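Here's the structure we're looking at; comments come further down.
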Amino acid sequence: MKLYQDFVANFQESYYGYVSAGIIISSCMGAVAAMMILMNGHTLTNMIQLFFVVAVSMGFNAAVLAQLKSKHVVNSFIASCLLSAVLIAVNVPL
């Protein structure tokens, strides 16, 4: 929990730097996850996964553009990266 609180405090100090890096990281991870999902086909399950990846990645971008509190932006960034990483891992071809 201390690591999270330290990250939020550091994020607040260097807000614009972290937001710039966060947008790039979240968008790139979301794009890779979308590519991996679509490489597995176009079934209903894949389209649901694609919907969640796009929605969560866009949610982080919207949180930044809406200038929400730093804690909300950090939480949406973490959610975006975690979901993208999980779906990348699930859809990696063996």
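Here, each number is a calculation from the coordinates, and none is a lab measurement. Treat the numbers as computed from the prediction; the structure is a model and nothing was measured.
Values for this structure:
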item	result
Centre separation in Å (Cα based) which lies between region 23-50 and region 65-89	15
Helix-only CD estimate at 222 nm, as mean residue ellipticity for the chain, using -39500 (n - 2.57) per DSSP H run (n ≥ 4)	-29500 deg cm²/dmol
At least 15 Å along the helix axis (C-alpha) and Kyte average at least 0.0, DSSP helices within the chain	15-39, 44-65, 70-91
Relative contact order for the chain, counting Cα pairs under 8 Å that sit 6 or more residues apart, in percent	39
